[in-house]
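K.L.:
There's a structure below that I have some questions on.
The values are calculated or read from the model by the stated rules, or taken from the named source; none is laboratory data. The shown structure was predicted, so the numbers you read here are calculated from the model rather than taken from an experiment. Cβ atoms come from the backbone with ideal geometry, glycine included; neighbour counts cover every protein chain shown.
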Amino acid sequence: MLRCGLLGERLNYSYSPAIHALLGDYEYKLYEVPRDGLDAFLREEPFDGLNVTIPYKKAAVPYCGELSETARALRSVNTLVRRRDGVIFGDNTDAFGFATLLRGAALDPAGKKALVLGSGGASVTVCHVLRAMGAREVTVISRTGEDNYENLEKHADAELLVNATPVGTYPGNGEAPADLRRLPRLEGVADLIYNPRRTALLLQAEALGIPCAGGLAMLVAQALRSSELFQGKTLDAGLIPVIERKLEQSMRNIVLIGMPGSGKTTVGQALAAATGRTLADADALVEKRTGKPIPAVFAEGREALFRRYETEVLRELGKESGLILSTGGGCVTREENYPLLRQNGTVFWLRRDPDRLPREGRPLSEGADLRAMYAAREPLYRRFADHVIDNNGPVEDTVARILEVLI
């Protein structure tokens, strides 16, 4: 069996093993190697094929006895293959991956001015591909160069933006390298980050109506090309969208929002049983954090405290992947919760008629005009939600409708 894997300094975030398991029958391990151990690893480890990630894409080049044309042009490798004679062949399949991302998202750089955020190894690859695909102008934005984040407005005519920095990647969710409002002529945004699914940069692009795409397609495409080199055979390019969708489905959170008593916990428990996913109940976690039942917190007149804890819980849960997340009925009343839920989640509004909503044990429902509350919150639920699911019938029907959307 081929001995393959991913070489890097810190790899606890990697989805590469899951992808390569779908591409071929070979061993694929994660090799976390400190910088002072790189030389010994590349000279002594008995590997057949490796993917290479930060910070070794350039450092691995001198160990290659032969480089592909792309790797020579970029002086950067992300794929190593040890041939039978012991010579290491180096290639850069990130270029193919990034080109695949652009084409799949219909972000055509031809004739456009493109800005590339970041000046590291990923930026070199991105610039190479943009120029090869006919970009009119490619400008790199760095922290200290002539073109930097302080004078971004001088490139207000940019039509395409690519984030090639790690800003916004897990666990630094919520950060963005630039404010897109400073670039009013943008027609497309690409972010090489794939975790979270929607970075803060992509969420802003969505809000501004700018076509955008994350880095998952690039990750899968470069893996497929690497796998071809490992196995010495051509693979069906149609596997790229299939694997991308499988990964996206496994990574996404199923987020349930709706009025108090709309059935979020019940539906969440049924979804957990049907899918094998973990159910995270935001209200239960707030109770654990405050050390008090939610009605007791409200009885003390401390709704503001509850809402603050609720946002803290959603900030933590929203970073995770593959959860079923049941939220409190009022989470939509705080705008800061919007990106927390949507960064990795598909959001379902469980809509139940106000007359069918229970009141007992629900501090904001007891004695309230539920129809008035529903009317006030309805536009907020609609804004947060990707899908609206009627939950006036059997829970089994609700679960089936949600799963149908997710397939």
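K.L.:
Limited to the range 173-200, what total is found for residues that are in contact (Cβ under 8 Å) with a residue 40 or more places away in the chain and under 21 Å from Asn337 (Cα atoms)?
P.N.:
Of the residues in the range 173-200, 11 are in contact (Cβ under 8 Å) with a residue 40 or more places away in the chain and under 21 Å from Asn337 (Cα atoms).
K.L.:
Which number in (1) under 30 Å from Gly172 (Cα atoms); (2) β-branched (Val, Ile, Thr); (3) at pLDDT 95 or above marks the one condition that Thr290 misses?
P.N.:
The one condition Thr290 does not meet is (3).
K.L.:
Next up: Which residues, taken from the range 1-44, are touching a residue at least 60 places away in the same chain (Cβ under 8 Å), surrounded by fewer than 17 Cβ atoms within 10 Å (Cβ to Cβ) and in a helix (DSSP H, G or I)?
P.N.:
Ala18
K.L.:
Still on this structure, I have one more. Kindly provide the set of residues from the range 45-60 that are closer than 15 Å to Arg10 by Cα, part of a loop (DSSP other than H, G, I, E, B) and of a type in the set (A, V, I, L, M), ordered by number.
P.N.:
The answer is Ile54, and nothing else.
K.L.:
Consider Phe230 against the criteria (1) farther than 26 Å from Ala217 by Cα; (2) over 22 Å from the mean Cα position of the chain (by Cα): it satisfies all of them except one. Which criterion is unmet?
P.N.:
Among (1) farther than 26 Å from Ala217 by Cα; (2) over 22 Å from the mean Cα position of the chain (by Cα), Phe230 violates only (1).
K.L.:
Tell me the residue from Thr278, Thr265, Thr234, Thr290 that is surrounded by fewer than 23 Cβ atoms within 10 Å (Cβ to Cβ), closer than 30 Å to Gly90 by Cβ, in contact with a helix residue (DSSP H, G or I) (Cβ under 9 Å, 6 or more places away or on another chain) and hydroxyl-bearing (Ser, Thr, Tyr), please.
P.N.:
Details: Thr278 fails: closer than 30 Å to Gly90 by Cβ; Thr265 fails: closer than 30 Å to Gly90 by Cβ; Thr290 fails: closer than 30 Å to Gly90 by Cβ.
Exactly one residue qualifies, and that residue is Thr234.
K.L.:
If you don't mind, another one. Can you pull out the residues in the range 118-137 that are farther than 18 Å from Gly97 by Cβ and surrounded by 18 or more Cβ atoms within 10 Å (Cβ to Cβ)?
P.N.:
Step one: filter the range 118-137 for residues farther than 18 Å from Gly97 by Cβ, giving 119, 134, 136-137.
Passing the criteria: only Ser119.
K.L.:
Just for the range 87-114: of the residues that are part of a strand (DSSP E or B) and out of contact with any Ser or Thr (no Cβ under 9 Å at 6 or more places or on another chain), which one is nearest to Asp147 (Cα to Cα)? Talk me through it step by step, then tell me what you get.
P.N.:
If we filter the range 87-114 for residues that are part of a strand (DSSP E or B), which is where we start, we get 88-91, 110, 113-114.
The next check asks that each one be out of contact with any Ser or Thr (no Cβ under 9 Å at 6 or more places or on another chain); those that pass are 88, 110.
Numbers: Ile88: 37, Ala110: 22 Å.
Among them, the one singled out is Ala110.
K.L.:
Follow-up question, since we're still on this one. List every residue pair whose Cβ atoms lie under 8 Å apart, where the two residues are 6 or more positions apart in sequence or sit on different chains, the first residue falls within the range 144-172 and is assigned to a helix (DSSP H, G or I), and the second residue, located anywhere, is of a type outside the set (A, V, I, L, M).
P.N.:
Tyr149/Arg143; Tyr149/Pro177; Leu152/Arg182; Glu153/Arg182; Lys154/Asp147; His155/Lys113; His155/Thr139; His155/Asp147
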